[in-house]
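Here the structure is laid out as structure tokens; the discussion comes afterwards.
Since every read-out is calculated from the coordinates, none of them should be taken as a lab result. Just so it is clear, the model here is predicted, and its values are computed rather than measured. Cβ sites come from the backbone with ideal geometry, for glycine too, and all protein chains shown count toward neighbours.
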Amino acid sequence: MTGDTVYPRPSLTVDVVLLRWHAGWLECLLIERRNDPFAGRWALPGGFVDEHEAPEGAALRELREETEVGEVPLFAVGTFGAPHRDPRGWVVSAAYLGLAPPGTFARAGDDAQAVRWARVADLPPLAFDHAEIISAALAHLRLLTQASTEPLQLIAAPFRTQQARHLYAQILGEPIAPRPFKAWLRRREVVRRVGPARFERQPGLHPDWVR
């Protein structure tokens, strides 16, 4: 191997799966692409990482430029680099899951023609491999329900346990019985009472060791 060997390098992009809880439904923020490739198709907010820019910083920047959504909590989902995922060439994407606080406002900007919140249970056809990225982000969110209280940021506090149960049922994709859910909340110390039948999330979960 010589010192002047040239190795091909991919371009690096970011994609953001921004979720919100609205009117009893889990929704994902999408943009309508203004430019090719896939002009006119719905896609995740995102774009190319600038030189000397950290991927997470790029994700927040692209989210702000394309949807005017400001700082939100982001969680790394993974990297996506299958051959031919992008017709422009070899492009690898770092994907992030974002949790939108209640009342988050979005408006089209930069190279987005429009924005929409789409129910994750009924997404339109998407550009690139963004359906795969959303599936991975939802899988990560399901893990978060067992590892932290972060998903409860989607609900305005104070909230009822019924609201939390409906949210978690949609995240997990299956119905949850009220009594076992309330027992789980108590056992894991997920929430604290702040009023009659009203709660807010705790900063962390109590370990649920095998008994």
Review point. Tell me, what HN-Hα J-couplings in whole Hz come from the Karplus equation 6.51 cos²θ - 1.76 cosθ + 1.60 at θ = phi - 60° for each residue of region 182-195, using x for Gly and Pro?
Key: 5, 5, 5, 4, 5, 5, 8, 6, 6, 10, 10, 6, 10, x
Check your understanding: Against the longest principal axis of the chain, how steep is helix 161-172, in degrees 0 to 90 to the nearest 10, with axes from Cα atoms?
Key -> 40
Practice item. Quick one: check the C-alpha center-to-center distance for region 49-114 versus region 144-174, whole angstrom. Key: 24
Review point. On full extension of the chain, what length is gained from Leu205 through Ala54, given 0.36 nm per residue of separation minus the C-alpha to C-alpha distance?
Key: 51.4 nm
Review point. Which residues in region 15-54 have a backbone N closer than 18 Å to a point placed 7 Å from the Cα of Ala114 along the Cα-to-Cβ line?
Key: 28-36, 38-45
**Study point:** Pairwise FRET efficiency - Asp36 versus Asp122, Cβ, R0 = 30 Å, nearest 0.05
**Key:** 0.70
Point to revise | Under 5 Å, built H, 5+ apart or other chain: amide partners of Asp15 | key: Ala94, Ala95, Tyr96
Check your understanding: Of all DSSP beta bridges in the chain, what percent run antiparallel (nearest 5)?
Key -> 75
Review point. Given a Förster radius of 35 Å and the C-beta distance between Asp4 and Gln146 as r, what FRET efficiency does 1/(1 + (r/R0)^6) yield to the nearest 0.05?
Key: 0.10
Point to revise | For Asp86, distant residues with modelled amide H under 5 Å away | key: Val91
Point to revise | Folded to 0 to 90 degrees: helix 130-147 orientation relative to the chain principal axis, Cα | key: 30
Check your understanding: Just one of (1) -0.32, -0.58, -0.69; (2) -0.40, -0.67, -0.76; (3) -0.36, -0.63, -0.73 is log10 I(q)/I(0) by the Debye sum over Cα atoms at q = 0.09, 0.12, 0.13 Å⁻¹ as worked out from the coordinates here. Which one is it?
Key -> (2)
Practice item. Enumerate the calculated ³J(HN,Hα) couplings along region 63-76 in order (Karplus 6.51 cos²θ - 1.76 cosθ + 1.60, θ = phi - 60°), each rounded to whole Hz, writing x wherever the residue is Gly or Pro. Key: 4, 5, 5, 8, 10, 6, 8, x, 5, 9, x, 10, 10, 5
Review point. Rounded to the nearest 0.05, what FRET efficiency do Ser135 and His84 have when you use their Cβ-Cβ distance and R0 = 22 Å?
Key: 0.70
